[in-house]
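Colleague: Before I ask anything, here is the structure I am working with.
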Amino acid sequence: MKPIVLLITSFILSVSLPLRAQEQSFASCIVEFQQQARAEQLPEWLVTTVVGQLQLEPRVLKFDRAQPEFTQTFADYFDKRVTPQRIQQARKQFAEHRDFLQQLTIKYGVPGQYIIAFWGLETNFGGYLGKMPTLNSLATLACDERRKTYFTAELMAALRVLNREKLSVDEMQGSWAGAMGHTQFMPSAYERYAIDGDGDGQINLWRSQKDALASAANFLKALGWQKEQRWGREVILPAAFDYRLTGLKHSEVLSAWQQQGVTRTNGAALGGYDMSASILVPMGHTGAAFITYDNFKVIMRWNNSESYAIAVGHLADRTIGGGSLHVSLQTKTPRITPALVTELQSALNEQGFEVGKADGIIGSMTRKALQNFQAQQGLVADGYPDYSTFSALGIKL
């Protein structure tokens, strides 16, 4: 049973206290980490000289607690990540690593353009690997009660990787949350899925691009990548399309979507295949629409964000010569803040469209309630909070 003193000190660290108090709590956590490292039979030198020297990173807790004032729109997100410069660099890297990428495709079934796209979005092709000391960051988060179990496991995995690969503590730098290397693997992913791509006997995701690219291919295969399938594509929806059918929770076979009038952007038929597909409209009915397949969900297992997955898929397409989006992203949309979402949720609840607790987050219940409200009001029921919807709810922007 966990000693009461450790429960107390872990809790203290999770709240805003003077730095001195946090450091005292952290010192108690170090003792706990050392005990666990010994229980896992890690070398004593590592327990003493590495775990014993870990330091509190107060800014990590600030990053973890930080809530952006504004919720980034899909257009903002996409335009900052799939830039002309990044597309050009992706094509350059794809050409430079073509032979190696072909070998990975044969072995793992993942086309090289996707591996390049992940690399581009994660670290801008190694341009920025992060500057936070990984072990300190993980230890700080592991000493915080909010996600203690998860980050303690990640800290132990990082220590095992450090020992297994004979890495140095100084080179283990990355994001504030502990993601590392060219492909920003968390320690547990590094331990389980990272592989030696350059054949030098060590897996180093910072120094070796081949290690990182091969590891990405191996990871995607393990996540369930479907060989010879794409992620999805941009599509055109018919004028009378029922937007209540959008979202990953609703899927139909491709031939069924085709029968409903969904086409490729050039007007060509989707095809009569029986593969499962979902329709996404990340900016509502006035923005671009996408049809997504099983590999889209695999991308989201890497990063659980629809916007991220669309960006990866589109950057992969552009890497091998695909064109830009058919529908402009410059559609004027409201700037959605958590406070505004809370107000919207409260208004929906008051009118009998149940969203649950008004928490400022647009989840599946809020989307469904929005769609039902929009349908009642004669609006396009896309579940997207546009100007018309706010107006109908009596919310002034």
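Colleague: Show me the helices (runs of 4 or more DSSP H) entirely contained within the stretch 63-136 in which 1 or more residues are in contact (Cβ under 8 Å) with a residue 12 or more places away in the chain and closer than 23 Å to residue 173 by Cα.
Modeller: Working: elements: 74-81, 84-96, 98-108, 112-123.
It comes to 74-81, 112-123.
Colleague: Now, a different point. Given 397, 329, which one is open to solvent by 30 Å² or more (accessible area, probe 1.4 Å), part of a loop (DSSP other than H, G, I, E, B) and among the aliphatic types (A, V, I, L, M)?
Modeller: Testing whether each residue is open to solvent by 30 Å² or more (accessible area, probe 1.4 Å), part of a loop (DSSP other than H, G, I, E, B) and among the aliphatic types (A, V, I, L, M) leaves just 397.
Colleague: Return only the number of the condition from (1) among the small types (Gly, Ala, Ser); (2) open to solvent by less than 30 Å² (accessible area, probe 1.4 Å); (3) touching a residue at least 12 places away in the same chain (Cβ under 8 Å) that residue 322 does not satisfy.
Modeller: Single failed check for residue 322: (3).
Colleague: Restricting the stretch 338-388 to residues that are of a type in the set (Ser, Thr, Tyr) and farther than 21 Å from residue 279 by Cα, which is surrounded by the fewest Cβ atoms within 10 Å (Cβ to Cβ)? Break it down into steps so the answer makes sense when it comes.
Modeller: Taking the stretch 338-388 as the starting set, the residues that turn out to be of a type in the set (Ser, Thr, Tyr) are 342, 346, 364, 366, 384, 387-388.
Remaining after also requiring farther than 21 Å from residue 279 by Cα: 342, 346, 387-388.
Working: 342: 15, 346: 14, 387: 12, 388: 14.
Of everything passing the filter in the stretch 338-388, 387 is surrounded by the fewest Cβ atoms within 10 Å (Cβ to Cβ).
Colleague: Then there is this: Starting from residues that are touching a Lys or Arg at 6+ places or on another chain (Cβ under 9 Å) and modelled with pLDDT of 95 or more, keep the ones in the stretch 221-238 and report whichever is surrounded by the fewest Cβ atoms within 10 Å (Cβ to Cβ). Show your work before the answer.
Modeller: First, the residues of the stretch 221-238 that are touching a Lys or Arg at 6+ places or on another chain (Cβ under 9 Å): 221-224, 227, 233-236.
Adding the requirement that they be modelled with pLDDT of 95 or more leaves 221-224, 233-236.
On the way: 221: 17, 222: 14, 223: 17, 224: 11, 233: 17, 234: 20, 235: 22, 236: 16.
That would be 224.
Colleague: Among the residues of the stretch 155-188, which ones are out of contact with any Pro (no Cβ under 9 Å at 6 or more places or on another chain), surrounded by fewer than 22 Cβ atoms within 10 Å (Cβ to Cβ) and of a type in the set (Gly, Ala, Ser)?
Modeller: 168, 175, 177, 188
Colleague: Considering every residue within the stretch 170-180, establish whether at least one is of a type in the set (A, V, I, L, M, F, W, C), within 19 Å of residue 52 (Cα to Cα) and out of contact with any strand residue (DSSP E or B) (no Cβ under 7 Å at 6 or more places or on another chain).
Modeller: Here is the first cut: in the stretch 170-180, the ones of a type in the set (A, V, I, L, M, F, W, C) are 172, 176-177, 179-180.
From what's left, within 19 Å of residue 52 (Cα to Cα): 172.
Retained after the next criterion (residues that are out of contact with any strand residue (DSSP E or B) (no Cβ under 7 Å at 6 or more places or on another chain)): none.
Checked the stretch 170-180: no residue is of a type in the set (A, V, I, L, M, F, W, C), within 19 Å of residue 52 (Cα to Cα) and out of contact with any strand residue (DSSP E or B) (no Cβ under 7 Å at 6 or more places or on another chain).
Colleague: Same structure again: Taking the stretch 200-214, which residues are within 18 Å of residue 174 (Cβ to Cβ), in contact (Cβ under 8 Å) with a residue 60 or more places away in the chain and open to solvent by 50 Å² or more (accessible area, probe 1.4 Å)? First the steps, then the outcome.
Modeller: Our first condition is that a residue be within 18 Å of residue 174 (Cβ to Cβ); within the stretch 200-214, this holds for 202-209, 211-213.
Narrowing the set further to residues that are in contact (Cβ under 8 Å) with a residue 60 or more places away in the chain leaves 206, 209, 212-213.
Answer for the stretch 200-214, where residues must be within 18 Å of residue 174 (Cβ to Cβ), in contact (Cβ under 8 Å) with a residue 60 or more places away in the chain and open to solvent by 50 Å² or more (accessible area, probe 1.4 Å): just 209.
Colleague: Being open to solvent by 10 Å² or more (accessible area, probe 1.4 Å), of a type in the set (A, V, I, L, M) and under 25 Å from the mean Cα position of the chain (by Cα) is the filter here; which residues of the stretch 266-282 pass it?
Modeller: 275, 281, listed by residue number.
Colleague: Any residue in the stretch 239-250 that's surrounded by 19 or more Cβ atoms within 10 Å (Cβ to Cβ): show its pairings with residues that are assigned to a helix (DSSP H, G or I) at Cβ separation under 7 Å, as long as the two are six or more apart or on different chains.
Modeller: 247/367
Colleague: Sticking with this structure for a sec: Is there any pair linking a residue in the stretch 325-345 that is more than 12 Å from residue 390 (Cβ to Cβ) and in contact (Cβ under 8 Å) with a residue 60 or more places away in the chain to one that is polar (S, T, N, Q) and open to solvent by 30 Å² or more (accessible area, probe 1.4 Å), with Cβ under 6 Å and at least six apart or on different chains, and which?
Modeller: What qualifies is 326/265; 331/286.
Colleague: Which condition number in (1) over 30 Å from residue 314 (Cα atoms); (2) open to solvent by 80 Å² or more (accessible area, probe 1.4 Å); (3) in a helix (DSSP H, G or I); (4) at pLDDT 75 or above is the one that residue 60 fails?
Modeller: Unmet for residue 60, out of (1) over 30 Å from residue 314 (Cα atoms); (2) open to solvent by 80 Å² or more (accessible area, probe 1.4 Å); (3) in a helix (DSSP H, G or I); (4) at pLDDT 75 or above: (2).
Colleague: Does the stretch 113-123 contain any residue that is under 28 Å from residue 165 (Cβ atoms), of a type in the set (Asp, Glu) and crowded, with 21+ Cβ neighbours inside 10 Å?
Modeller: Here is the first cut: in the stretch 113-123, the ones under 28 Å from residue 165 (Cβ atoms) are 114-123.
Narrowing further to those that are of a type in the set (Asp, Glu): 122.
Narrowing the set further to residues that are crowded, with 21+ Cβ neighbours inside 10 Å leaves 122.
The answer is yes, given that some residue of the stretch 113-123 is under 28 Å from residue 165 (Cβ atoms), of a type in the set (Asp, Glu) and crowded, with 21+ Cβ neighbours inside 10 Å.
The values are calculated or read from the model by the stated rules, or taken from the named source; none is laboratory data. Predicted model only: the values in this text are computed from it and were never measured. When we count neighbours, we look across all protein chains shown, and the Cβ atoms used for this are built from the backbone with ideal geometry, even at glycine. The accessibility values were calculated without ligands, DNA or RNA, using every heavy atom of the protein model including side chains. Shrake-Rupley method; radii C 1.70, N 1.55, O 1.52, S 1.80 Å.
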